[in-house]
Amino acid sequence: MTSPCYRHADREGRFFCQKDMKYMCEECACCHSPRVYCQYRTACMIDLLTREGDLEACDEKPRRSQIR
Ligand SMILES: [Zn+2]
């Protein structure tokens, strides 16, 4: 049993962002703050797949800042 996507409750959250602590489906999976330092990035599957072109890179959207 996996957790659902944080935006799509009916979708499987196949990707997990350790920084944001969020599960994401394939559509949502992307680094949401690529310019912000992330201690998990070296082991982040989302970042790896984005760099390899398997995931679409999303633009950093100016959202409510959750940077600690
Ligand atoms: Zn989703």
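Please treat every number below as a calculation from the coordinates, not as lab data. Small disclaimer: the values here were computed from a predicted structure and weren't measured. So basically every Cβ, Gly included, is an ideal-geometry build from the backbone, and we count neighbours across all protein chains shown.
Spin-label pair Leu48-Gln18: with each label point 7 Å from Cα along the Cα-Cβ axis, the two points sit 1.1 nm from one another. Size descriptor for region 13-63, Kirkwood hydrodynamic radius: 10.9 Å (Cα pairs only, one decimal). Using a simple spin-label model with pseudo-atoms 7 Å out from Cα toward Cβ, Tyr37 and Ala57 lie 2.2 nm apart.
Please sort 19-32, 2-15 by packing, taking for each peptide the average over its residues of neighbouring beta carbons within 10 angstrom, highest first.
Working: 19-32: 18.5, 2-15: 14.4.
Highest mean packing first, the order is 19-32, 2-15.
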